[in-house]
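Chemist: I'd like to ask some things about the structure below.
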Amino acid sequence: MRLLTFTNLYPSDDSPRHGIFVEERLVQLVAGGQLTAEVVALRPGASAFAERSSRTTERRGIPVTYAPVPTLPRITNWIDPWLWARAARGLVARLAEPRRDDVILDAHFLYPDAVAAVLIGKALGLPVVMT
């Protein structure tokens, strides 16, 4: 089984304490040996409207792709799930291949992350769990 964790709270070199609880949970799940994991770490910002590219690295043995998603604080909040789903859908589809049948989209926080994950999961036929 593969978890594809989808969250805007995940540590990076620039923000090493940002969402450390999500990273720690994932590290512990993978340590059990029953599953593997990858992370789509969303990075909301106005510059994402300019189509910045994603970058992939590894943290604690888990591949992490930092993906820009568009938002304008206090302006787009009500449509962020749809903006984020549209921005991240192609990346999630690529990461879910070649065997989609063993992928679970693992979303953190109900809004907007999990709502976007449900939209992507529905479009790609992936099951979604939310924390």
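Chemist: Would you call residue 116 closer than 14 Å to residue 2 by Cα and open to solvent by less than 40 Å² (accessible area, probe 1.4 Å)?
Modeler: Answer is no for this residue.
Chemist: Could you tell me whether segment 46-54 includes any residue that is under 22 Å from residue 12 (Cα atoms), touching a residue at least 40 places away in the same chain (Cβ under 8 Å) and either among the polar types (S, T, N, Q) or in contact with a Leu (Cβ under 6 Å, 6 or more places away or on another chain) (or both)?
Modeler: no
Chemist: Give segment 1-26 a look and list any residue that's over 12 Å from residue 64 (Cβ atoms) and outside any loop (DSSP other than H, G, I, E, B), or say none.
Modeler: Within segment 1-26, 2, 3, 20, 21, 24, 25 meet the criteria.
Chemist: Hey, among 88, 67, 93, 116, which residue is touching a helix residue (DSSP H, G or I) at 6+ places or on another chain (Cβ under 7 Å) and assigned to a strand (DSSP E or B)?
Modeler: 67
Chemist: Mind checking which residues of segment 37-54 are in a helix (DSSP H, G or I) and at pLDDT 95 or above?
Modeler: none
Chemist: How about segment 67-83: which of its residues are open to solvent by less than 60 Å² (accessible area, probe 1.4 Å) and under 17 Å from residue 120 (Cβ atoms)?
Modeler: Those that are open to solvent by less than 60 Å² (accessible area, probe 1.4 Å) and under 17 Å from residue 120 (Cβ atoms): 67, 68, 69, 70, 71, 79, 80, 81, 83.
Chemist: Can I ask one more? From the list 86, 94, 43, which residue is within 17 Å of the chain's Cα centre (by Cα), surrounded by fewer than 21 Cβ atoms within 10 Å (Cβ to Cβ) and more than 19 Å from residue 109 (Cβ to Cβ)?
Modeler: 94
The values are calculated or read from the model by the stated rules, or taken from the named source; none is laboratory data. In this text, all values refer to a predicted model and were calculated from it rather than measured experimentally. Positions of Cβ are generated from backbone atoms using ideal geometry, with glycine treated the same way; all protein chains shown enter the neighbour counts. Ligands, DNA and RNA are stripped out before the accessible areas are found, and what is left, the full protein with its side chains, is counted by its heavy atoms. Shrake-Rupley method; radii C 1.70, N 1.55, O 1.52, S 1.80 Å.
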